[in-house]
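The values are calculated or read from the model by the stated rules, or taken from the named source; none is laboratory data. Computed from a predicted structure; not experimentally measured. Please note: Cβ atoms are built from the backbone with ideal geometry, for glycine as well, and neighbour counts cover all protein chains shown. Heavy atoms of the whole protein, side chains included, go into the accessibility calculation; ligands, DNA and RNA do not. Shrake-Rupley method; radii C 1.70, N 1.55, O 1.52, S 1.80 Å.
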Amino acid sequence: MVGPWPPTQGGVATFMGNVVRSPLREKYDFVPFTTARPGKRNVSGDNYGYVAMFRGGLKRVVQGILVTLWHFVAYPWVVLLRRPKVIQVQASDFHAFWEASLYVLLGKIFRCPIVFRIGGSFNRFWESSGATARAAIQWTLQQPSLLVVQSEYWRNYVVGLGRTAPMVILNNFVPDTLAEKRPVAAPPVPRYLLFCGEAPRLKGAYVLLDAVRKLVERGVGVEVTLMAVTVPLRQEITNAGLDRHVRMLDFLSHDEALATLRRSDVFLQISSSEGFPTMLLEAMALGCAAIVTPVGAVPEIVGADGECAFIVPAGDASLLADRMICLATDRGLLARMAAAAQARVLERYTERTAIQVLDRAYQFAMHEHG
C-alpha cells in the first residue's frame, strides 16, 4: 500500500490506517510503503499546489528531493522481495499525482495489478493544468487495473475526463467503534472547531476570522478553536487582536485531534476546495453538527441543507456568522442536527460497508490480472 504513511497526517494517512486496522487485516498482509517527506508546517501562506515544493527553504527542497529519490530506488526492491498480489497507490493532486503515477508505471513494469485511488482537490488540479498535462493525466488514469474514487461526484468527474476502464466508488470511512454518545449537559456556549493545517486559506481560516469579528461586533458569545495552526498564522491572529476571541492549537496527533473533536459541538468544514474530508466524518461520528461549503463530495456527505449541517457558499463570512449565531441561540436545533449527523455517518460511512467494497476491488484486480 503506497502512500504518505505516518508521521504524515491528513485524510490519506487516516484512510490507510483505517484500512490496515480493519477486519481486512485478517485476509490480507498489508505492506506499507511510505511516500512521506519531511514536513513544512511553519511557512507563510498555503502549502498547496506546485509552489508547495519550493516552500520551506533550500534545505527542505533538497531533503524532499533526496527522500523522494530514495523512495523510487527502494520501491522496485520491495516489489521484487515481497511480490505483492496487488499494489494500491494513493494519489492526490498536483505534484503528488505525478509522483503516484510513477509508482503506478513501475508497478506495471513488474506486471502487478494496480488499484489506483485518487483524492484531494482533483478538479482544481485538472482545471489548472495545461493541454499537455491534461493529456498526461488522462493517459495515467487509463493505466491502473482499477481506479478508486471517493464519491459519486468524483466518479462523474473522472468519467468526464475519459476514463473508460473499471472504476469503483469507495468513500472514506470511520471505524464502527468511533461513534459515542454525548454528555447530556450542554456547555455554556457552543464550541466551534476549524482545522487549518498547512493550507489555512484554502481551509477557510481567514473567512472564519472575518466571521469572528462579526460575532464580536454583535456581542454573541461562542468558543472558537483553530486546530493545526502554523506559526505565521498564529502571529497574524495575534497581530490582528483576535487571539482574545479564538483558541489556537498546534498540530496534534490523530488521537489528540479526536479528543479535540469530542470537546467540540460544531465542526467547520468551510474550505474553498475539498475531496472527501475524513475529519468531517470523524466529527459527525463523534456527535458534532457542521457548517460546510458545497465543494467536492461534501454535499454528498452531509445531505440537505439544515439536516445535519448548514451549507454556506465558500468565502461568505457574513452567512457563516449568521449560521454560527443560529446554532448558538437555538440549542435544540444544534442537538437535533448533531444527532442527525451521527446517524448519517453510522448509516453510510463506517468500515462495515467500505471494507466490503475494497475487498471486492482487490479480488477484481487480482482476477483481471490472472
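Can you give me the convex hull volume of the Cα atoms of the stretch 190-318, divided per residue and expressed in Å³?
Numbers: hull volume 12.7 nm³, N = 129.
Taking the convex hull of the Cα positions in the stretch 190-318, it is 98 Å³ per residue.
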- Hey, what's the chain come to in accessible area per residue, 1.4 Å probe, Å²? 45 Å²
- Note on the structure: Here the gain from full extension of Leu252 to Leu319, 0.36 nm per residue of separation minus their alpha-carbon distance, amounts to 21.2 nm
- Task: Could you please report the charge total around Ile169, scoring K, R as +1 and D, E as -1 over all other residues with beta-carbon less than 15 angstrom from its beta-carbon?
- Result: +2
- Can you run phi through the Karplus equation (6.51, -1.76, 1.60; θ = phi - 60°) for the stretch 68-75 and list ³J(HN,Hα) in whole Hz, with x for Gly and Pro? 5, 4, 4, 4, 5, 6, 6, 4
- Item | Net charge over other residues, Cβ less than 14 angstrom from the Cβ of Gly306 (K, R count +1; D, E count -1) | -1
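Applying 1/(1 + (r/R0)^6) with R0 = 25 Å to the Cβ-Cβ distance of Leu333 and Asn156, what FRET efficiency is obtained, to the nearest 0.05? All intermediate terms of the calculation are to be shown ahead of the outcome.
Working: r = 33 Å, r/R0 = 1.31.
With a Förster radius of 25 Å, E is 0.15.
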- Message: What distance in nm separates the two pseudo spin-label positions at Leu69 and Gln235, each 7 Å out from Cα along the beta-carbon direction?
- Response: 3.2 nm
- Inter-site label distance for Ala136 and Thr164 at 7 Å from Cα along Cβ, in nm: 2.4 nm
- Query: How far apart, in nm, are the 7 Å Cα→Cβ label points at Thr353 and Glu300?
  - Reply: 1.1 nm
- Message: Could you give each residue of the stretch 231-248 its phi-based ³J(HN,Hα) in whole Hz, using Karplus coefficients 6.51, -1.76, 1.60 with θ = phi - 60°, and x for Gly or Pro?
- Response: 4, x, 5, 4, 5, 4, 5, 5, 4, 7, x, 8, 5, 6, 10, 10, 9, 10
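Compactness ratio of the stretch 329-370: Cα Rg over 2.2 N^0.38 Å, N = residue count? Display every interim value, and only then the final one.
Values: Rg = 18.1 Å, N = 42, 2.2 N^0.38 = 9.1 Å.
Ratio of Rg to 2.2 N^0.38 Å for the stretch 329-370: 1.99.
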- So who's got an amide H within less than 5 Å of the one on Gly296, skipping anything under 5 residues away but keeping other chains? H placed 1.01 Å off N, in plane. Glu274
- Message: Could you give each residue of the stretch 146-162 its phi-based ³J(HN,Hα) in whole Hz, using Karplus coefficients 6.51, -1.76, 1.60 with θ = phi - 60°, and x for Gly or Pro?
- Response: 8, 9, 10, 10, 8, 6, 4, 4, 6, 4, 4, 5, 5, 4, x, 8, x
- Message: Counting only pairs 8 or more residues apart or on different chains, how many lysine pairs in the chain have their Cα atoms under 24 Å apart?
- Response: 6
- Task: Calculate what fraction, in whole %, of the accessible area of the chain sits on carbon and sulfur atoms when a 1.4 Å probe is rolled over the protein chains.
- Result: 57 percent
- Solution diffusion estimate, µm²/s, Stokes-Einstein, the stretch 279-370, Kirkwood Rh from C-alpha pairs, 20 °C, viscosity 1.002 mPa s: 145 µm²/s
- Expressed in angstrom and rounded, the centroid-to-centroid distance over alpha carbons for the stretch 322-370 and the stretch 66-118 is 29 Å
- In a Gaussian network model over the chain where Cα atoms closer than 10 Å are linked, find which of Arg352, Arg163, Arg244 has the largest mean-square fluctuation. Arg244
- Message: Sorted from largest to smallest, which semi-axis lengths in Å does the alpha carbon gyration tensor of the stretch 178-262 give for its equivalent ellipsoid, taking the root of 5 times each eigenvalue?
- Response: 22, 19, 10
- Task: Taking amide H positions as placed in the peptide plane 1.01 Å from N, state which residues far from Ile118 in sequence (5 or more) or on other chains have amide H under 5 Å from it.
- Result: Ala91, Val148
- Task: Please list, in chain and number order, the residues 5+ apart from Thr350 or on another chain whose amide H is under 5 Å from its amide H, with Hs placed from the backbone.
- Result: Val174
- Calculating semi-axes √(5λ) of the Cα gyration tensor in Å from this structure picks out, from [x] 41, 25, 18; [y] 33, 29, 22; [z] 36, 24, 18, entry [z]
- Evaluate the charge dipole of the chain about its Cα centre and quote only its size in Debye, nearest 20, assuming +1 on the Cβ of each Lys and Arg and -1 on the Cβ of each Asp and Glu. 740 debye
